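Each remark here refers to the structure printed beneath this line.
Values quoted throughout were computed directly from the atomic coordinates according to the rules given, and no laboratory measurement underlies them. Quantities reported herein were computed from a predicted structural model and do not represent experimental measurements. All Cβ positions, glycine included, derive from the backbone under ideal geometry; neighbour counts span all protein chains shown.
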Amino acid sequence: MAASLALPRIDADLLDALTVPARQGDYPRDSRAFVRIDTSLRIYWHTLFDICPGLLDLSGPDGLAIFRPFMAWAAAEKLSLNWTYYLWVDVWLAQSAFRDRVTPELRLSLMGASAARWATGDRSEAGGIALGCAGLPDLVCGWKTRSILSGRRIEQFTLEEPLPPPDGPFGFFTIAGDDLPDGFPGWTPIPR
Amino acid sequence: MRIGFNFTLGDTAPLVRRLLAAGRIDYVELLIDNFLAVPPDDLADELAGHFTVPVGFHIMFSKFIETDEAALDSLARRLRGLIDRLKPLYVSDHVARFTHDGRQLYHLAEIDYASDYDRVRRRVDGWQDRLGQRLFLENYPSIMDGGHDAPAFYERLVRDTGCGVLFDASNAVCAHLNCGVPLEAWEGVIAATPHFHTAGYNLSILQPHLVLDTHDRALSEATMAFLERCRDRFDKPGATMTYERDDNFDEDDIVADLDRLRAVFAPRIQDRDHGRIACLAQN
Ligand SMILES: [Fe+2]
C-alpha cells in the first residue's frame, strides 16, 4: 500500500516495480512514480501487442487479460524479458485459459517476433538465429541486416526432413553467416 | 556548428540522402551497433556511395556498465575496426540501466549517481581502453529527483576518466520540466564538450504528465529557447549538433527543425562575453 513505502526519490527506487503491473498500485495515483511505472509498462504492452496483434483476438482489445497475468507470472519466474519475451508468452498461453484458442499462425507470429527481436538487439558475432518448437515442424529464422539500406529479415522454412523436436517448448541455434548451415548443430534451450 | 541527423535503420536512408542533397545536414550519426553484421567493406562502400559526409558513432546497446567482459571484448574488436576505418567525428554511448536483476528494462532507467559512481567510473575506464578511444556519454532525460545529481556526476566523471559528455539539450529540458534540474546546472558540461544532441519530446499518457524523450515530434519552444540563449556556449570549433528523430518522419517538420537549428547557429560576429552574460541572466 502507498502508506507503507517510503516516497521514492530516485529512479532506482522504482526498479522492482518497472516490470510488474501489480506494483504500480504501491504508489499514489497522482504521483510521478505511478506515471513513471505506467510509462515503463506501456512499452512492454506495445512491444507485445503491436507486433503480435493476433493476441488481442484472445484477450480483448485492451490486452490486459493476457498482459497482467503474464507479467505477474514472468516476474515470479524471474524471466529476463529479453528476445525470448514472445516465446515465454506462448509458454504461458499453453497453460492459461486461452490454450485451446492458440492457433499455429499465432504461435508462428510469436516465434517470428522473437526472431526479429534477436536480429535487431543481439550484439554477438552471430548473423542469424533458427528457432524450433516442439509442436510445429517449421523453422523460423531471423537474420541481422547485411546492408545499411535494409533491415533484419524473418524467414520460415519447411524442411523436407524435419529436425528432431527440442526437449523444451522451444530450442534455438545461432548461425555465423546468413544462410542455414548444412548440418544440424542441435538445439539450445531458450534462455529464461 | 555542424548539424547532423541520426540514422538508425535502412528505411530512412532516402530521407537522409535528401537532407544531405539540400545541404540541411553536414554529417550523419550512425547508430553503429545496429549495423555490426554488415560486412565492414560493404558498410564503408555503402556509406561512401550514399552519404559522402563524415559520420558520428552512437552506440546504443553495448550496455557497457552491465555487460560481461568477454562480450565487451568482442563488441570492442568489431567497433575498433570500424572506428579505424571510418574515423568518426565522435564515438558516444549511454549511461543508463538496461537491466535490473537480470530482467530487461524496455524504458531505460536512470542510474543512482551517488552509489553507482565508482562502478560507472571503472566501467568507463575499461570501455574507453577497449575501444582505444575517448567516449562521449549521453545524459539521461531524468524523471525522478535523482536527476539533480547528474550535472555534478558528469563533471566528476569527465575529470576522473577523461571521457566527454554527449550533451543532449532536450534531455536536459526534460529533466528540468520533470524534476526541476536548472538548465544553468549544465553550463560547465556544455562549455567542456563539442558534441550535442537535440530532439522533440512528448508527454506521458497519464497525469501528472511526465516529459518523455520520444524523438517523434518537433523541437519544443523550451528547447529552442535554451539553445538560443546559450548559443555561444554550445558553439565552438568542431562542434556537432545531431537532430534525433526515431518516429513520425514528417519531412516538412524535420526540415523546419533543421532550418531553425541552422539559423540559431549561423555564424555571426558576436562579443562572446556578452553572449555568456546573456546566457546566465536569462536561464
Ligand atoms: Fe539523445
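The table that follows gives values for the structure above.
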{"read-out": "Contact order normalised by residue count of chain A, Cα under 8 Å, 6+ apart, percent", "value": "15 percent"}
{"read-out": "Max mean-square fluctuation residue, GNM over chain B, Cα-Cα springs under 10 Å, options B:Glu251, B:Glu155, B:Glu29", "value": "B:Glu251"}
{"read-out": "Cut-off 17 Å, label 7 Å out along Cα→Cβ of A:Gln95, residues of region A:28-69 by amide N", "value": "A:66-69"}
{"read-out": "About the Cα centre, charge dipole magnitude for the protein assembly as shown (Lys/Arg +1, Asp/Glu -1 at Cβ), debye", "value": "760 debye"}
{"read-out": "FRET efficiency, A:Ala72 to B:Arg268 (Cβ-Cβ, R0 45 Å, nearest 0.05)", "value": "0.15"}
{"read-out": "Max mean-square fluctuation residue, GNM over chain B, Cα-Cα springs under 10 Å, options B:Thr240, B:Thr67, B:Thr193", "value": "B:Thr67"}
{"read-out": "For the protein assembly as shown, with +1 on Lys and Arg beta carbons and -1 on Asp and Glu, the positive-most of B:Gly126, A:Tyr44, A:Phe67 along the dipole", "value": "B:Gly126"}
{"read-out": "Debye intensity ratio I(q)/I(0), log10, region B:100-199, q values 0.17, 0.24 Å⁻¹ (C-alpha model)", "value": "-0.79, -1.40"}
{"read-out": "Inter-probe distance in nm under a simple model that places probes 7 Å from Cα toward Cβ, at A:Phe184 and B:Asp101", "value": "3.8 nm"}
{"read-out": "Net charge contributed by nearby residues that have their C-beta within less than 14 Å of B:Asp41 (K/R +1, D/E -1)", "value": "-1"}
{"read-out": "Cut-off under 5 Å, modelled amide H: who pairs with B:Ile143 long-range", "value": "none"}
{"read-out": "Only Lys, Arg (+1) and Asp, Glu (-1) charged, at Cβ; region B:2-265 dipole about Cα centre in debye", "value": "660 debye"}
{"read-out": "Pairwise centroid distance, computed over Cα atoms, of region B:99-172 with region B:43-76, Å", "value": "18 Å"}
{"read-out": "Sequence of A:Thr47, A:Thr103 once ranked by neighbouring C-beta atoms within 10 Å, starting from the fewest", "value": "A:Thr103, A:Thr47"}
{"read-out": "Pairwise FRET efficiency - A:Thr47 versus B:Asp118, Cβ, R0 = 35 Å, nearest 0.05", "value": "0.60"}
{"read-out": "Surface/4 estimate of mean projected area, convex hull on alpha-carbon atoms of chain A, nm²", "value": "13.1 nm²"}
{"read-out": "Tally of Lys pairs whose C-alpha atoms are under 29 Å apart, taken over the protein assembly as shown, 8 or more apart or cross-chain", "value": "6"}
{"read-out": "Distance between modelled label sites at B:Glu66 and B:Asp125, nm, 7 Å Cα→Cβ extension", "value": "2.4 nm"}
{"read-out": "Value of relative contact order over chain B, rounded to a whole percent, pairs C-alpha under 8 Å and six or more apart", "value": "18 percent"}
{"read-out": "Stretch gain in nm, segment A:Leu64-A:Asp16, where the contour uses 0.36 nm per residue and the Cα spacing is subtracted", "value": "15.2 nm"}
{"read-out": "Global geometry of region A:88-148, whether rounded, prolate or oblate, following the gyration tensor of its Cα atoms and the 1.5 cut on a/c", "value": "prolate"}
{"read-out": "Span-rule helices in chain B, defined as complete DSSP H runs reaching 30 Å or more along the axis (Cα) with Kyte mean at least -0.5", "value": "none"}
{"read-out": "Lys/Arg +1, Asp/Glu -1 at C-beta; chain A dipole; positive extreme among A:Gly186, A:Ile10, A:Pro164", "value": "A:Ile10"}
{"read-out": "Rounded FRET efficiency, nearest 0.05, which uses the C-beta distance separating B:Arg78 from B:Asp259 and R0 of 45 Å", "value": "0.75"}
{"read-out": "Shape category assigned to region B:2-265 from the gyration tensor of Cα positions, a/c cut at 1.5", "value": "rounded"}
{"read-out": "Kirkwood estimate for the protein assembly as shown, i.e. one over the average of 1/r between Cα atoms, Å", "value": "23.8 Å"}
{"read-out": "Highest-MSF residue in chain A out of A:Ile154, A:Ile43, A:Ile66 [GNM, Cα springs under 10 Å]", "value": "A:Ile43"}
{"read-out": "Chain A, dipole about Cα centre (Lys/Arg Cβ +1, Asp/Glu Cβ -1), debye to the nearest 20", "value": "720 debye"}
